[in-house]
Structures are given as structure tokens and as C-alpha cells.
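Worksheet: one structure, shown below.
What follows is calculated from the coordinates using simple rules that are stated; it is not laboratory data. Just so you know, these numbers come straight off a predicted model, no measurement behind them. We place every Cβ from the backbone using ideal geometry, glycine too, and count neighbours over all the protein chains shown.
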Amino acid sequence: MTPDAAVTPVNSRMRIRRSMQILSAVLLVVLLVLLVLLFRELLTGAPEYPVSQEGIRPLHVILGPGVGNRPFFDGPMGVTFGADGRIYVADSGNHRVVVFDSEGEYLFQFGGLGVGKPAAGIEPSWKPGLFNYPTDICSDDVGNIYVADFRNDQIQVFDADGDFLRVFPDRNEPLGRGASGQDGAGIAVTSLTVHGERVYATDTYQVAVFSTEGELLDQFGRPGAEPGDLDHPNGIAVGAPSVVVVSNSNRNQVLAFAPGGRFMWSFGKPLGNDLAGLSGELELPRGLTIMDDGTVLVADALADSIVRLTLAGEFDGRFGTRGAAPGQFNAPMDVDEADNRLAIAEKGNDRVQVIVIED
Amino acid sequence: MVAALRERVRLACSWCENAIGFIQESRLPNGARRVGAGTMAFRMFIIGLVLVGSLAAAPAAWAYSESDPSANPDIDPSDCESCHTGTPEIAGTEEARQGPHANYSATSRSCYACHQVHQAYADGYLLMPGATTTETCELCHDGTGGKGVYGALEARGLAVASQHRTEVTTQIPGGDEATGGMATAALSGYQGTLSCGDCHSPHGGGTVEPFTTDRSRIETDVAGFFSNQLLRRAPTGATYEIGVYGSDWCAACHSGRASGVHDLINHPVDTSATVGPTAFTYESVQVVDGVDSPQTVQGSLGRSNFGYVMPWPRTAGQGTHAPVCQQCHEDGRSVGDVASGRIKASEVFTVTSADGGTAGDNPRFQNFPHESYVENLLIESYDDLCSNCHHPNQLP
């Protein structure tokens, strides 16, 4: 045995051991770096998501007021821009309205749970300004805020600072030729919009038109599966010249009506036994809005995207994918527009986003 | 979000504890090394590899980019059936399509409506957007959309006398077949509680035969509305499948309430175990053929009140059949006055508003068995219920 032969195995083991030690050291350094990054993420609460989604430029992500005992939204279903650019959010699960400035900074909130139509023998807990599952919100030209008080079968109106102004219709009286309110009284309003001096509201199967003071002016729509029939509409907007566009949610359609309720057109395939499955056109249209140029934007909740239609009912684009990153969506329930900025209420992500569509 | 962060902290702590524990075990009490330095280094290498690998993989799972499918070439996110072929949940497509629940095809993308293959929510359940099944269901089924509203009475502040409350209980009344008492079950909801998915198949697979439903709502004007209500043939805990909705379906869970199959004495009901294949079901039972009529015909309990009374004397069609569970347990309604047991003109089936929420509707509310204003999910209370079939003039 030569000296070299005696040394070689030892050197080999030493090399292996040293290699292992170096590798371990490297791995530990990498581990430490990853742990630092992980804890930094945990401490800052700001996960680094991709910030660019095709066609969408995210501006703000709003998770809630960030103060009080309910700092986060709970399934917000409605959002609107106020006349001064403020963002008003119908925080449905928390039965309140939360208000932010145009940059998404929290300003104030109002509301809380109030039951307007309890069981016989129980005093209503509702007082002006309280809500029971507000499902939609909109503003008029002077900045007053209209809230769809869904389970109280009424619409409440506030000024821009959240001071109560009025409520209509009477939740304990039948509405016109009938509506879906509890006990046949009031209107279980799912969505609403203000156009000029008129308030348009949907319930389970129809559209009711009020003056801004609350006088019932018109009712149209009927339940069913025929063209123009309504099945759980959850979005409404009015464009020039007074075309009423409605999300017919349970039948995957957007419908347009002329003044007086004459059916004009529909987009999307209604549900039926002859369909093979979701077509991808519209999967669950909810809140919608009409831009100044007549473009219709629809929050497609199950497709986690915003669909753009022409005012003639033609498909004009889809924006967004499912996700929790800025610019992605999870169950978007409502969309509103101001100065080309879109505010989107996401029930699934418990947040509101402000974005710009760029295409 | 809070739950997600909590889970990440828990995972990180768990990894650290495991690593430290492993290193400590490799030392003897006197501080000498138990193994050679090379072996120790190797173990450190393995530990480091596992830890780094875990941390490296975890962010990838949390923030997987679907914009680059080539990163995971073996999975086509748009083709769920490439993996799930043949599973009962996916394969059953024979029923009419109901929203995203069923009829999955090569051109549909219904799976994606509720599940996210990658970049799913850390606090989501089964890759769904909600933290629980119920939360996911209520994205649509909250009263504003979908069908089958759950909790509508309670949310409106109305008196709820009985209900199948989700995510609250693990107890099944009458679930103990031996005693007829309460049984504790491992259900599919959060912490083993009752969930929507225990009774309903969200994918429309393995469901009962369609039946004529009372769930009118918007289908009020649609003739012949049939639905399987996405009811499972085998609700959670069932030891057998039930193809047709009726007493057998209820007894799958409430086995201690069945009759004639054990020593317990319960009000008799028609089940396949006691009557065989001719047992009455929800869709096939004797119903009176009109207002104030003593005659019966074979028909459905659905969309009329004619199946909730039994004329006396019994008709030939009724024979020796017992009722089905649903003839006593359904949406609350007014049927069969105590004196005659027959249906009056004022008691015909009337639903004028969505969910039957109008006081004049009969039945009022269409939330059975989710919730009811009547105790024990019965159609009526006290003697008013019994007299629908047991008329005073027949009693001894």
C-alpha cells in the first residue's frame, strides 16, 4: 500500500464531509433568507402579487375601513362613486355602508343591523339608517346615496355624508301590482340605479320605477323563461336614450328594455335543459353600469371578470381572471364607473378594487 | 386573510420545531456527538433540503401563475375530467343543468366557476372561494340569486321554529337506529358539522330521480317543473343509495324514525324496507283528486295540497299503504280542516310570491327542510296535523 493509497479514502471522506458542510451552510443561508422574507410578508401583511393583469391597471385595493371592531368587509355586494369621487361600499355582511375618498382612504361609515319586519309580536329593530343585508348602492347627480335594503324590503336615501333623508316604499304596504317583499309588502330590492329624476330598482322578477322622492311611477317585467322574462335580476343601469339594461342573473343574460318595459334585446344564453353547460358568454351577470359612450360593463360573478357590451347588446370584451391579486377578481358582484375608473365589489375576496381598463 | 397568515405561521413554527428537535436528538447527554460529523452534515443537508424545499414550494403553491401553463405541463386546468373521470361527482350528468351544478362537457367550464386549480385561496375549502362549503354556496344562494334559499326566514327576523342548521351541529335527531335517539355523526361541514354538501351534490352527480317540486319561485309560470334538488342518492352517513325521494331518503340519516325495521315503535311510513318496490314516494302517492273530494288518484305531493290528507274511509288506491315522511314534514301549510279532513277551496295550493313569502300563500315559504315556521318541520301543528288523516268519526 502506498502512502497515497492510504490517504486517498480519508481525503475523499474529508472532501465529502466538507462539501456537505458547505452545502448545509448554503442551504441554511437560503433558509434564513426565505424565513426573513416570509416573516416580512407576515408582518407587513402585503403579499407580493403580480400587479399587472392583461388589460387591467389596478389602482386601489380596499379591504375595509381598517378601524373599529369590524375592520374588514364581509362580502361587499355593491359599490358606487359619489358625486365628488368618493367611493361608497355596501358592506352586505356587516349591514353597513363604508365610505372612502377617491384614493381609497377611509372616511366614515354608517349603518348597522336593523330588522324592519320581524315576526309577529316582536318590535322592529330597524331605525332610519340601519340595514338588513344591503345588496346595492348608487348615487344621484347631487351626491345623494341610495341603498338597496334587501331584507327590509325598502330603499333608503342619504346625503353624501351619510345623513338619513328618506325611505321608500312603505315596507309594510303592497307595492303597485305586487312585489317580492315579505308578506307581499315593500320590495325586496336586489339592485338599483338613479337616472335623472327616476330610481330604477329590481326585485326577484321585475323592475320598479320610482321618482327620487319615492313615488311609484312604473312597474314592468314578469317571472318566467320567455324572452324578456326575469329570474332574479341583480343589476340595473339606464343609458341614453333611457334604455334600461338589467342583469337577469339566474338565466345568464343581460336584457335591455325600452321605456315602459318593452323588451329590446338580450345577450347571453338563458339556462335550459338543452344547453351543454356554461357557454362562457355570461356565467352569472350581477351588477352593471353604463359608460358615457354607451358601453355596458357587467360584473360576471362566476366568471370572475368584467364583460363589456355595446349598448346594442354585442360582446365587446372580457377583462380579468380569478384570483386575489390586484386586477384579479373573485365573485365580482357590482361595478361602477367614474372618470374611466372602475370600482368593483368582490364578495369572494371581501374587498373593493379600483381599476382602469386599458385596451 | 387572517386564517391564511395564521396557517403560514403555524407551518413555519412546525418546521423549525422539527429541525431543532432532530438536531437535539443527535447529541448525547454529555454533549458528544452520537454520529459522525459526516453523517451529521448529511442530516443537516437533508433537513436543509426539506426546509428549503418546503419553503420554496409553499410560495409556489400560494402564488402559482396560471399565465404560464407550461410550468405544469401534465395538468390542463381547463380539463377537470382529465383527472376526475369516472368519479361519481363528475360523471352524473343525466339531469337538467342547474347553473354550474352538472352537465360538465368538453365545451363547458363550470368546474372553474367554483374551484380554482391553482392559486386558490389559502383559507378556501376544496379549492373553492369560500372558507367552508356553506360560505361558498352563499355566494349565490343568499336570497338574491340561485335557488334554494337557506336562512331567509331567520335573516329577515322571522320566527324559525325548526331547521336543518348548517355548520352548527353534529347531532342527528332520530339518528340512532337502536334507540331512536340522537346520534352523533361525522358530517362534511366544518369540524364535522352538517353542511349543504351532506344532502346536496353540488356537481349533480349521484342524485335522486327528479320530482315535482314546490320550489316555485320564478318557475311559478313554468309547467311541469321537475328537479332533483341536487339531492344525493346517499346523503352523508347513508349505508345505501336511495334513487327516489321519499321516506327512504329521510331514513338514510334519521334511521331511528323509520318503522317496521327494528324494535322501535314509530308512526308507520312507507319505505322500501317495509313495503318493497311498491312503496309510495314523494312523486308517487295517493292524492285526492280535487277540493272536498273523497277520491284519490296516484300523483305527486308537489305543487298541490291534495296529497296531504287521507280521506276516510280509505280508498282502494290507498290500500294498506302508510304515508311517506313528507306528507307530514314539508313546508308549513293549511290543509284538511279537523272536521272533514278534506281540502277546502280556501286551502288549495297558492304561491303568489317568490319563496312563498306572502302571508296568504299556501304553503307559506318554500324553505323545507332548511327552515320552517312550524315545529319539527311539520306541515301543521297539534291536532290539525293528525286530523288530516285520522278523522274524529273514525276514532274509537
>> Can you give me the long-range amide H partners of residue B:350? Hydrogens built in the peptide plane at 1.01 Å from N, cutoff under 5 Å, separation of 5 or more residues or another chain.
In response: B:362
> residue A:74 versus residue B:292, label points 7 Å from Cα toward the beta carbon: distance in nm?
Replying inline: 5.3 nm
> Amide H to amide H under 5 Å from residue A:230: which residues, 5+ apart in sequence or cross-chain, H placed 1.01 Å off N in plane?
Replying inline: A:222, A:224
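Using Cβ contacts closer than 10 Å as the measure, can you line up B:333, B:156 from fewest to most? Spell out each step's value before the answer.
Values: B:333 22, B:156 25.
With the fewest neighbours first, B:333, B:156 line up as B:333, B:156.
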> Using modelled amide H (1.01 Å from N, peptide plane; none on Pro or chain starts), what sits under 5 Å from the amide H of residue A:334, excluding residues fewer than 5 places away?
Replying inline: A:287, A:345
>> Could you give each residue of segment A:84-90 its phi-based ³J(HN,Hα) in whole Hz, using Karplus coefficients 6.51, -1.76, 1.60 with θ = phi - 60°, and x for Gly or Pro?
In response: 9, x, 4, 10, 10, 10, 7
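Determine how many Å³ per residue the convex hull of the Cα atoms of chain A encloses.
Details: hull volume 74.7 nm³, N = 359.
Taking the convex hull of the Cα positions in chain A, it is 208 Å³ per residue.
Cα-based Rg of segment A:188-311 per 2.2 N^0.38 Å, rounded to two decimals? Mind showing how you got there, number by number?
Working: Rg = 13.6 Å, N = 124, 2.2 N^0.38 = 13.7 Å.
That works out to 0.99 for segment A:188-311.
So what's the net charge close to residue B:263: Lys and Arg +1, Asp and Glu -1, counting the other residues with Cβ under 13 Å from its Cβ? Display every interim value, and only then the final one.
Details: positive: none; negative: B:176, B:177.
Once all neighbours under 13 Å are counted, the net charge is -2.
For peptide A:22-32, compute the average count of partner chain beta-carbon atoms within 10 Å of each residue's beta-carbon. Intermediate values should be presented prior to the final figure.
On the way: counts 2, 6, 10, 3, 3, 10, 6, 2, 5, 11, 0.
Per-residue shielding by partner chains comes out at 5.
Once the cut-off is 22 Å, how many percent of the Cα-Cα pairs in segment B:240-396 end up in the long-distance tail?
Details: 4849 of 12246 pairs.
Counting pairs separated by more than 22 Å, the tail of P(r) holds 40 percent.
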>> Cut-off is 10 Å between beta-carbons; in what order do B:242, A:290 appear when sorted fewest neighbours first?
In response: A:290, B:242
> So how do A:265, A:126 line up by other beta-carbon neighbours within 10 Å, fewest first?
Replying inline: A:265, A:126
> Can you run phi through the Karplus equation (6.51, -1.76, 1.60; θ = phi - 60°) for segment A:177-182 and list ³J(HN,Hα) in whole Hz, with x for Gly and Pro?
Replying inline: 8, x, 8, 9, x, 4
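Using a cut-off of 10 Å between beta-carbons, work out the net charge of the residues near residue A:289 (Lys and Arg +1, Asp and Glu -1, residue A:289 not included). Walk me through the numbers before you get to the answer.
Details: positive: none; negative: A:334, A:336, A:337.
Around residue A:289, the charge tally is -3.
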>> Tell me the relative contact order for segment A:53-357 as a rounded percent, counting alpha carbon contacts under 8 Å between residues six or more apart.
In response: 16 percent
>> Just to confirm a number: summing +1 for Lys and Arg and -1 for Asp and Glu over residues other than residue B:190 whose beta-carbon lies under 11 angstrom from that of residue B:190, what do you get?
In response: -2
